[in-house]
Structure formats: C-alpha cells, structure tokens
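This report concerns only the one structure given below.
The values are calculated or read from the model by the stated rules, or taken from the named source; none is laboratory data. In this text the structure is predicted, and so the values were computed from the model without any measurement. Cβ: placed from backbone, ideal geometry, glycine included. Neighbour counts: every protein chain shown. To get the accessible areas, we keep the full protein, side chains included, count just its heavy atoms, and leave off ligands, DNA and RNA. Shrake-Rupley method; radii C 1.70, N 1.55, O 1.52, S 1.80 Å.
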Amino acid sequence: MGGSTRRTGASRLQLFGCCLPGRASVGGAGGSDGRSAGDRFSENDGGQNPRSITNAAPAGGPVAAAEATASDAKDYDYDIVIYGGSFPGTAAAIMAASVNPTARILLINPQSGLGSIGTVGGQNYMDIRNWAADPHKAQWGFRSYVTMGTYDRIFRQTGQAYNTDETAALLQQMVSEHPNVTVWHQTDVLAVETAGGQQSQGWEKSQGQAQGQAQGQGQGESKGPGQGDGSGMEQTAAPASTHSAVKIVSITVQGVRRDPRSGYVLFDPSSPVRRVRGQVFIDASDTGRLTRLSGHFQGTLGREDSGDRRFMVNTLMFLVRGVDKEKLLSIIRSPNGDWRGTLDQDGTLLFWGGWAATDPYTGAPAIMKFNESSPRFHLKAANVAQNGTGTDEYWVNMLLVFNVDPRLEEKDRGTDRFPEPVNQDPNVPPWSLDEAWVQARRVLTTPEFLAALRSFPAFERVELVPDKDGLPKVGEMMYIREALHSSLDPDVVSPDNYALTAEEVALAGVGPNDGADRGNYAHRIGLSFYQQDSNGYIKWKQWSGWSPVGEPLPLGQEPKNPVYLPYEVMTTPAIANLLVPNGSANASRWAWSELRVIPNLTVVGDAAGVAAGLAVKDGWAEQVGQATDAQIASVQTALRQLGARLDK
C-alpha cells in the first residue's frame, strides 16, 4: 500500500548510524534524520572486523561522573542478555530458560519491577479481543483471546485487570522459578559494542507472493521465505539490498535512580559500571534503546512510513479514589450510558468510555476548555481499572501527552546517546520521556485538570491518590505507545517494507490458505489480534481551539481475524544476533497499532526466548536474527510444546 521512497547513499549511512569499515566517526548529536551522526566510535583492530563502542565520549553531569569509570567496568559473561523487563522481556526470559535450563540468562530491567508499562507504568487494563469466528474455542478452553503461552499463564492468575504491585511480584516469581535467570533492576544501557559480521540479505516481497496474497482481494503483498502458493512450502522471496550484518559483543550498563530535585531518571554515579558479554541479545524494551544504541538500527521512526516524523501520543497513568461506584454501575447498566464496563473473573471492576463527556462540540465544558486550550495535553475517552479487587483506587488511562520522543532521555543529555529530536514543531517542541513525565504530573495538580476530571460521570468527587511526598501517584514511566520500526530494506521507506504490514493485519484470513497473511504461515511464531488502535499524533488549531487530528484506517476496516506473526517480525537484518520483540519490532506503523498491546507482544516475547534458548543450545546464536527454515521449524515445535498457539 502507498508509495515508497529510496534513501540516498548518505541517508543509508545515517540510517545504520555507523561509518564505513575502518573509518571512525566521533561527534555529538546531528544528522538530518534525527539520528546521531556520532552514534559510533569505531576502531579498527587491524583485521577484517572493525569493532564499535557506542557513546564513547560522554559529557556533563551525573552521566559523565558514571561514564568516567567505564574503562574500569567489571566484566560479566552470559549466554542470553535480555534488555527490558516488559511483559515480552519477562516472557523471553522464562521461555529461554524453559528450552535451555543450563543457559546463563540475564534480564536487565530499567524500572523498579517487572512488567514495565503494564505494572510500574500503571496500565493495569489488558487490551484483549475475542475472535468470534475462532474454530478452536473448545480446544483452548473458550479463552477470550488467541495469545496463548506465557500470557495465558499470567491471565489465568490476574484476569484482565489487576493490582499492579501484585502482578509485578507475580512476574518476578515466574522468573525466579528458573534458577539460571538473573535479574538486574533499575539498570540501563550506557554503551553497546558491536563487531563486523557476514553479509546480510533483507527480504523483498516476491511477485509470486504478492499475487498469491492479493488473489480475490485486489491488494496485499507478502514477504520473506516460505511463501508462494500459500502452502508454506515454497521459498520464493527475492533478496533485497545486501549489507554487512554485525553482531553485538557486549553492552555496558549502570544503575539508575530518579533525581528527587528534577524528577528525571538519571544514571547513578555511585552504582558500579558493568560490561556484559553475550551470545544472543534481546531488546524487549518499550523504546528500542538497545537497538538504537547499537549504532545499527535499520528502520523508521514513528509514523515516518506515512510521511510524517512523529510518534504516537504518550499517556501518564494516574491513580484516583472516590469514584461513585453505585452511580457508575447504574450508568454501565443503562443502554445509553456514557460508561461501559464489566467485572473481571475475580471481581475487579474495569470500565471504559466518557465519549459524551469528551465530545469536542457538546462535551462537558471543563473538559472542552482543558482540551481546546493546549496543543500538548488532551483528555480522551478513558480506560479505567480498579487496582485489584476490593480497593477504592483506580488507575486511569486518560491524559494524553503529544510530541514525546521516546528516544530522548535526560540521562543521555550532553552525550552522543541523545539524538536530535524527531521534529521541530514550533507549537509543541519534542519532549524527552522525563520531561513529559514531570510536566504531565504537574498538570495533574492544576485546578483546570481537576475540574475536567470531575466532569466525567461518577467522578464528581474523585481525588488524586497522593504518593509518600504528597504528589499525585502516577506510573513510574510514561505509557509509550510507539518507538522504532525495524524494516527489511534500509534504502526504502514504504509501508510495505516490513516483516508485518498493515495489509496482512487488516486482511488476515481464517486459515493458512487465504488472507493477506498467508505468506507468513511457514515462519509463523504466534498469532496477534486486536483493533488497529492509534491514539493520534498531533493536535491542530481549529476555530474553537486545539483539536486532535483523526486518521482513517489505511484499508477502511478493522481486522476480522488474527494475523500470523512471522519469525522475521522480531528481527532486524543489520544485527545478526539480536531479536526485537517489542519497541523496535519489524512492523509498519499501522501493523504496530495492532501488535503493540501487551498480550500480542508477549507472544513475540515467547518466540524470542525460545529462539534464543535453542540458538545457544544448538550452535546458531550468531545467526539467531537470520534463522534458516529448519531452525524456525525447531522454534515452532518448542513453542507448541510450551503451550503457545500458532494456528488459527
């Protein structure tokens, strides 16, 4: 779908974030595409494998104090290194340990507890979607989702809504069942070391695949090996541009903490600097930080494949109490009520709505005033979930924050880790994640926000739950909806240049022989199913004030069936030993709008863990991102044995 553009040679070098073999590039943030021109310091070891250490020239503040000791970092050796304590990161650790109980596995988590957005971030309301046409409901126990494996284990204990602290503890307990997994909390990446590798081929969509998938539909293409007639037996993909794939050798990490004065999360200069070597690396972070800091990110930013360099809007989750539960339940029961909701399996209340209250023309005056007055903030129709059964506290997903660049973190400012902002919007200059967190929490304390919040039905007497310092209790991180999109061909920007495309998601079939996703069948590692859920990118000035810009679905319809997820969705062709099951997945921005919810990403995390565990055990660790048909088949077998669902 859509057109494509081909990058120039100069742009391709910037896209990879690196220099030519044997040549060094040192410098600060720069480059017209928003990536640092000095993302790598390269040193030739005299052989054919130039090594690169990202961010070798830090400057200023606590970061500099920490990095000044980087040369004295203590070395650690692991087989599998997972960065990101998200649900997919946790699933990857569990599955890797399950298939390879002797592998040394390290899970590095920047936050205080496992679960990322879904626990410490306050997003305790799982986005799941029932597949009404599921022919195997009885086989799977009439689950309301197709995302089996680790997610199913979690759901059976938490339900769709849950207490965030208890769920973080559950994830920790699930990981602790595997003694070969070590977890480092509140630890983040300072630098990434890579070594030059062998030639890498991206995959182009072949003519035969395009015809096979478009048959009877008039549109849609497929990609990758294992396509053709839809049987999954043919390997007809044509090689795209050929580039040199590197491998990650090690990452350097250090502890982080929130600075009480600024509110920013910074590197802790009193924390030891550690260098971690590994065979397989998994970037399960919400930001794609490890992928980006490798200096070899190949792909696009936000909605760049649609022509605009912006990221999907962020949210700061906050905790309230004082909801009028009796009134709320009455509204939910009313056929025309402004809230819809349900009780979870354990009695936890979750509800969604507020459409009438937030209507831009006829909504509550205080909400309209709040929304129209700011190009940065916006109150949307809300998702709300009780923070566990029996409590009067609810996490609220309502406050949108526009033009937040998830690559920007204040602990990197003044170093070459801090890239140029994604755009130069004069009305809402891009904020870092830290600045967005600080400013959004500040907005919560304003009279205008409180008046708008209390304009939602049954919220007339709510109050913000305070933390130990008397400030609003919020998620410890932003709810990041989008970051990087790894792609297939580094020279092309096109909605079709990804392992998972919008066509495959929207026009997925009911089985292996139909639908736009039929070409993914041979390499499938799971199923993904949800709406194509984009929360917007920008607000424009209208006659009455600032208003979000809506977007039509690219194919005019929501997905009706789950999509086969190909192995390649968790790979980035430029790095041979890296898997990317989360914020830098190989999916177009519209495909990502379905894939991005936690149940779907946990499926990809399962596959990444299984692939990593088997690759280390069977000797293909350095090629885990470029697996053969036989290796992918072994991953599929192991996933089934561990309870994953690969078939419709």
In region 298-339, anything of a type outside the set (S, T, N, Q), open to solvent by 10 Å² or more (accessible area, probe 1.4 Å), touching a helix residue (DSSP H, G or I) at 6+ places or on another chain (Cβ under 8 Å) and under 20 Å from LEU500 (Cα atoms) is listed as ARG303, GLU304, ASP305
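Filter region 428-465 down to the residues that are among the β-branched types (Val, Ile, Thr) and assigned to a loop (DSSP other than H, G, I, E, B), then identify the one that is nearest to PRO581 (Cα to Cα). Steps first, answer last, please.
Residues of region 428-465 among the β-branched types (Val, Ile, Thr): 428, 438, 443, 445-446, 462, 465.
Filter once more, so that each one left must be assigned to a loop (DSSP other than H, G, I, E, B): 428, 445-446, 462, 465.
Working: VAL428: 31, THR445: 36, THR446: 38, VAL462: 38, VAL465: 34 Å.
Result: VAL428.
Residues that are at pLDDT below 95: find the strands (runs of 3 or more DSSP E) completely inside region 175-288 holding 1 or more of those.
Details: elements: 181-185, 187-204, 238-258, 265-267, 274-277, 280-283.
Passing ranges, in order: 187-204, 238-258.
I'd like the residue in region 570-592 that is in contact with a strand residue (DSSP E or B) (Cβ under 9 Å, 6 or more places away or on another chain) and part of a helix (DSSP H, G or I) and, out of all such residues, is surrounded by the most Cβ atoms within 10 Å (Cβ to Cβ).
From region 570-592, those in contact with a strand residue (DSSP E or B) (Cβ under 9 Å, 6 or more places away or on another chain) are 570-589, 591-592; that's our starting set.
Next cut, part of a helix (DSSP H, G or I) only: 570, 589, 591-592.
Working: MET570: 33, ARG589: 26, ALA591: 29, TRP592: 31.
Per the criteria, the residue is MET570.
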Residue pairs within 8 Å by beta carbon, gap of at least six or interchain, first lying in region 634-648 and touching a residue at least 60 places away in the same chain (Cβ under 8 Å) and buried (at least 20 other Cβ atoms within 10 Å of the Cβ), second among the β-branched types (Val, Ile, Thr) and part of a helix (DSSP H, G or I), listed first then second, are VAL635/VAL610; ALA638/VAL99; ALA638/VAL610; LEU639/VAL610; ALA644/VAL603
Residue pairs within 7 Å by beta carbon, gap of at least six or interchain, first lying in region 124-141 and at pLDDT below 90, second outside any loop (DSSP other than H, G, I, E, B), listed first then second, are none
- request: With respect to VAL549, determine if the residue is surrounded by fewer than 24 Cβ atoms within 10 Å (Cβ to Cβ), in contact with a strand residue (DSSP E or B) (Cβ under 6 Å, 6 or more places away or on another chain), among the hydrophobic types (A, V, I, L, M, F, W, C) and farther than 30 Å from GLY278 by Cβ.
  value: yes
Over region 466-477, the set of residues open to solvent by 10 Å² or more (accessible area, probe 1.4 Å) and either assigned to a loop (DSSP other than H, G, I, E, B) or at pLDDT below 95 (or both) is ASP467, LYS468, ASP469, GLY470, LEU471, LYS473, GLU476, MET477
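Rundown of residues vs (1) buried (at least 23 other Cβ atoms within 10 Å of the Cβ); (2) under 17 Å from the mean Cα position of the chain (by Cα), yes/no style:
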| residue | (1), (2) |
| --- | --- |
| MET95 | yes, no |
| SER98 | no, no |
| ALA103 | yes, no |
| LEU107 | yes, yes |
| LEU114 | yes, yes |
| ILE128 | no, yes |
| TRP131 | no, no |
| GLN160 | no, no |
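List the strands (runs of 3 or more DSSP E) that sit entirely inside region 483-569 and contain at least 2 residues that are at pLDDT 95 or above and over 30 Å from ASP359 (Cβ atoms). I'd like the intermediate steps shown before the answer.
Numbers: elements: 484-486, 524-528, 539-542, 545-548, 563-566.
Correct list: 484-486, 524-528, 563-566.
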ASP425 passes all but one of the listed conditions (1) open to solvent by 40 Å² or more (accessible area, probe 1.4 Å); (2) in a loop (DSSP other than H, G, I, E, B); the exception is number (1)
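Can we say THR348 is in contact with a helix residue (DSSP H, G or I) (Cβ under 6 Å, 6 or more places away or on another chain), open to solvent by less than 30 Å² (accessible area, probe 1.4 Å) and among the polar types (S, T, N, Q)? If you could, list the steps in order and put the result at the bottom.
Working: in contact with a helix residue (DSSP H, G or I) (Cβ under 6 Å, 6 or more places away or on another chain): no; open to solvent by less than 30 Å² (accessible area, probe 1.4 Å): yes; among the polar types (S, T, N, Q): yes.
Criteria not met by THR348.
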Within region 82-93, identify whether any single residue is of a type outside the set (A, V, I, L, M) and more than 25 Å from THR315 (Cβ to Cβ), and answer yes or no.
no
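Residue-wise test of (1) free of Cβ contacts under 8 Å to residues at least 24 places away in the same chain; (2) in a strand (DSSP E or B).
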| position | (1), (2) |
| --- | --- |
| GLN345 | no, no |
| ASP359 | yes, no |
| THR362 | yes, no |
| ALA381 | no, yes |
